[in-house]
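The values are calculated or read from the model by the stated rules, or taken from the named source; none is laboratory data. The shown structure was predicted, so the numbers you read here are calculated from the model rather than taken from an experiment. Here the Cβ is made from the backbone with ideal geometry for all residues, glycine too, and neighbour counts use every protein chain on show. Heavy atoms of the whole protein, side chains included, go into the accessibility calculation; ligands, DNA and RNA do not. Shrake-Rupley method; radii C 1.70, N 1.55, O 1.52, S 1.80 Å.
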Amino acid sequence: MNMDINDKLKYNVDCFKERYNQWDDIEDPFEKAIKKALGDFTFRTTKKQEHIDVKGVEGLYKQICSDPNNSLINRFKDYGVDNYSEKDVFDEWHKTTCDALMNVLKNLYQSIHYGKAQKIVNMTFKYLYCIGNDRNDNYYKYCHIPLDSIILDWIWANKSVFQDAYDKFNMYVLFQHQYFENWSNLDYSNNKFDGNRYSYMFFQELIRAFCEDKKITPLQLEFLVWPQFQWEKAAKEFCKQTENMLNINSNMDEKSANKLLNSIYELLENKLILIDWKNDL
């Protein structure tokens, strides 16, 4: 089956949408999208401040959306053509929105960085993209790609592809993994590099440079990259563990997706022989 990039994007968006129930039964799409995004907040790795009792998505939603003067849902509802007409205008809206969100989160949780706030904001856009309604593509034109471990690992795994985009920054340092920060600890900086770590905006500008001639936006790119690279990582780990059991050595990192799939078939066949012992008893 031959699919162009738009077909693949539609397929992946549809697959992502099907993972959740009642997409079409939505009274308030902004509330729905924000609550979905809060599910990606990774509560298990975020320590609460002392004497704070915020329970799950519903509890956090009330905290960040109840104050009309500092409400995340109001910021999204007020997000209009003035905010997405230019890249710099969108970036400023994104920063002020994340800063306001961080001010609330810091009262609730310890060690809150821009990386945590961007995940909520960027994933809200991703869910709104799935819900659709009457928003056109311009609404999402300058949206950032949601950064997490999958996306950052994908960037590094494809560092040779990103080299041309990286060279446009004239940073006079080699593109190195030691400068990557955990996504949740990323901080905002227009300087992109502080001599020790790449900033949040470094990765966003890197992705934008990568997307320039590909007729796809960073947010759309995430729908393509995330499921593919998640599968590749899982497949390589499966092959690695199975090879260890079978005492086989090979370099999974150098295998293409097709070769990796063939390796899984072969390893499964060999492993099933080893574990199918019931009829021998």
Chain lengthening between residue 169 and residue 57 when straightened (0.36 nm per residue, less Cα-Cα)
36.5 nm
Using the heavy atoms of the protein chains alone and a 1.4 angstrom probe, what is the accessible area of segment 123-195 per residue in square angstrom?
50
For 175, 162, write out the residues from largest to smallest accessible area, computed with a 1.4 angstrom probe and no ligands counted.
175, 162
Would you mind telling me the share, in percent, of accessible area of the chain contributed by carbon and sulfur at probe 1.4 angstrom?
45
Cα-based equivalent ellipsoid, segment 78-139: semi-axes from gyration tensor eigenvalues, Å:
24, 14, 8
For segment 155-281, the Cα-Cα pair-distance distribution in 5 Å bins from 0, as whole percents, is 2, 8, 15, 16, 14, 12, 10, 8, 6, 3, 2, 1, 1, 0
Keeping all protein chains in position, work out how much accessible area residue 183 exposes to a 1.4 Å probe, and write it in Å² to the nearest 10.
30
Around residue 193, under 15 Å between beta carbons, what's the net of Lys plus Arg minus Asp minus Glu among the other residues?
-2
At least 15 Å along the helix axis (C-alpha) and Kyte average at least 0.5, DSSP helices within the chain
200-211, 257-275
Give or take rounding to whole Å, what are the principal axis extents of the alpha carbon atoms in the chain, in descending order?
69, 51, 44
On average over all directions, what projected area in square nanometres does segment 122-181 have, based on the convex hull of its Cα atoms?
5.4
Whole-number D in µm² s⁻¹ for segment 64-214, Kirkwood Cα-pair radius fed into Stokes-Einstein, 10 °C, 1.306 mPa s
97
What is the set of long-range amide H partners of residue 187 at a cut-off below 5 Å, with H atoms built 1.01 Å from backbone N?
200
Would you rank 229, 193 by solvent-accessible area, highest first, keeping every protein chain in place and using a 1.4 Å probe?
193, 229
Roughly how many Å² of residue 113 are accessible to a 1.4 Å probe, to the nearest 10?
50
Looking at the chain as a GNM with Cα springs under 10 Å, which of 102, 245, 201 has the largest mean-square fluctuation?
245
